[in-house]
Amino acid sequence: MDSHKTLPVLSQKGVFVIGTDTDVGKTFVTSLLGVLAKDDGYSVGMVKPVASGAIPMAQSSQFDEDNIIPRDEAIMDDTETFGIIHASQLESTDATMLMQAIGAGEDRRSEVNPYALPGEYSPKLAARLAGVKIPYDELVEHIHHVVNKYDITFVEGAGGVTTPLTEDRTFTDLAKDSQLPALLVADGRLGSINRVILTKEYAEHHGIHVKGIIVNNTAQVEPFLLHTNIEDMERYTHIPVLGVIPPFDGIDAWNTKVEWAREFIDSKHVWQVLGNE
Ligand SMILES: Nc1ncnc2c1ncn2[C@@H]1O[C@H](COP(=O)(O)OP(=O)(O)OP(=O)(O)O)[C@@H](O)[C@H]1O
Ligand SMILES: C[C@H](N)[C@H](N)CCCCCC(=O)O
Ligand SMILES: [Mg+2]
């Protein structure tokens, strides 16, 4: 596990993973980066600060039917603090995947995912419907705390770069206030050049430094279009594409995924690009 420890010492210890859209593969790509970082010998933090679309923790090892609080009983008031949402036994499957990738146990769930909210909505709307007030400043502090704890920490937003987070903040604010460089996950389909440029321009305009792009090619775009799309993403943004990921169709186990991921991501290069000022 620690055999590769000729590692760059990272002056930037965290990365904020943003996407061109929801479902583009932020969680999948972040998990791959997490498993690679761990295999390279780093201690790895993961944060999914606020997840909507959370489900009852039925598949989890912690499953206890008597403990599941129905959604309407899970309504919170303004005195909410971190961890209370998890008393409602809701699971963010994003957080679960991020935790599994780095071998983090359930004891780390509230560190990884302070807020898990029901409903396939933006976190802002999900929080409003659940009666939860997300304390924005504490969320920023939590990210700083985790970033300081590990060699490298990956923070996953939700949806695209500027998904609403609270009544008066978006994930753009959170990425900026976390003071972390960003990694942009994009698809490779026709239209992806425009999506990448717009996202990069928006992020930079709001003070977020995008350092790399990962193309998650789940649509299996034909090679000529994919290649020219990547060329143009780099040409117009001046940001390197650090990996192109095909659909994964192997056994769903992280020890096999790490070898698979190494075929498509040069992890040392990624740490160098993301980890330097
Ligand atoms: N390269 C891949 N191979 C196989 N499955 C993938 C790949 N990339 C993503 N997926 C799957 O596609 C779905 C969407 O990906 P993912 O959940 O990572 O998106 P996301 O950008 O994190 O979305 P959200 O905005 O909800 O956080 C998931 O079921 C994920 O496991
Ligand atoms: C719950 C879902 N899977 C995502 N995590 C949330 C995506 C919110 C997108 C909001 C928007 O920008 O329109
Ligand atoms: Mg996700």
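What follows is calculated from the coordinates using simple rules that are stated; it is not laboratory data. Bear in mind the structure is a predicted one, so any value in this text is a computation, not a measurement.
Quick one: which residues, 5 or more positions from Gly157 or on another chain, have an amide H under 5 Å from its amide H? H modelled 1.01 Å from N in the peptide plane, none for Pro or chain starts.
Here Val17 satisfy the definition.
Considering amide H positions built from the backbone, and no H for Pro or chain starts, which residues 5 or more places from Val210, or on another chain, come under 5 Å of its amide H?
So Val210 has HN proximity to Ala182.
Relative contact order for the chain: what is it in percent, counting Cα pairs under 8 Å that are at least 6 residues apart?
27
So what's the back-of-envelope 222 nm ellipticity for the chain, counting only DSSP H runs of four-plus at -39500 (n - 2.57) apiece and dividing by all residues, rounded to 500?
-11500 deg cm²/dmol
Under Stokes-Einstein, with the Kirkwood radius over Cα pairs standing in for Rh, what whole-number D in µm²/s applies to segment 14-275 at 20 °C and 1.002 mPa s?
115
Just tell me, in residue order, which DSSP H segments of the chain are both 18 angstrom or longer along the helix axis (alpha-carbon based) and at least -1.0 in mean Kyte-Doolittle hydropathy.
26-40, 136-149, 192-205, 223-237
Amide H of Leu117: which non-local residues (sequence gap of 5 or more, or other chain) have their own amide H closer than 5 Å, using H built in the peptide plane?
Amide H neighbours of Leu117, under 5 Å, 5+ apart: Ala51, Ser52, Gly53, Ala54.
A 23 angstrom limit on the alpha carbon distance is what I want to check against. Which of Lys13/Lys38; Lys13/Lys268; Lys13/Lys124 exceed it?
As for pairs spanning more than 23 Å Cα to Cα, those are Lys13/Lys124.
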